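Remarks on the structure that follows.
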Amino acid sequence: MTDCVFCKIINGEIPSASVYRDEQAYAFRDIAPAAPTHILIVPLKHIGSVNEMTEADEQIVGHLFTAAKKIAAQEGLAENGYRLIVNTNAHAGQTVFHIHLHLLGGRQLTKMG
Ligand code: AMP
């Protein structure tokens, strides 16, 4: 998608602090971190949000979780723990419409809501 910030990050048009890449996913550090470690994990395929996901995307979206597990281990977060968040539309505060997992860790996180 030509006007998508995360598509531009994936193809290198916009710089990012890369932490992981494979054949289906890319991960980079959030530009405005909400925790000591704040990483965004995105599929290479443009999917706007969970609302736009189809059953054909289940493998790709599931793959983001196994990527998250590897990244958490790589970042030294696996034992103490971390949080994975997916925001969808306005009430959740979604600002970039390319589906992504936020991986947050490195401190005790407060309860959600
Ligand atoms: P969300 O609010 O769930 O849509 O999350 C979008 C996230 O993308 C926010 O946490 C932003 O700080 C982050 N973000 C936006 N632009 C960039 C960028 N160019 N590089 C890294 N993170 C970004």
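Just so it is clear, none of the values below were taken in a lab; they were calculated from the coordinates. Nothing here was measured: the structure is a model prediction, and the numbers come from that model. With ideal geometry, Cβ positions are generated from the backbone for all residues, glycine too; neighbour counts draw on all protein chains shown.
For this structure, a couple of remarks:
- Tally of Lys pairs whose C-alpha atoms are under 22 Å apart, taken over the chain, 8 or more apart or cross-chain: 4
- For a paramagnetic label modelled on THR54 (point 7 Å from Cα along Cα→Cβ), amide N atoms under 17 Å away belong, within segment 68-104, to 99.
- Sorting the segments 90-101, 35-46, 2-13 by their residues' average number of neighbouring beta-carbon atoms within 10 angstrom, most packed first, yields 35-46, 90-101, 2-13.
- Angle in degrees between helix 58-74 and the longest Cα principal axis of the chain, rounded to the nearest 10: 30
- Overall, the ratio between the Cα radius of gyration of the chain and 2.2 N^0.38 Å, rounded to two decimals, is 1.02.
- Residue list for segment 51-69, given a label point 7 angstrom along the Cα-to-Cβ vector of ASN89 and an amide N cut-off under 13 Å: 51-53
- Among MET53, MET112, the ranking by other beta carbons within 10 Å of each residue's beta carbon, starting with the fewest, stands as MET112, MET53.
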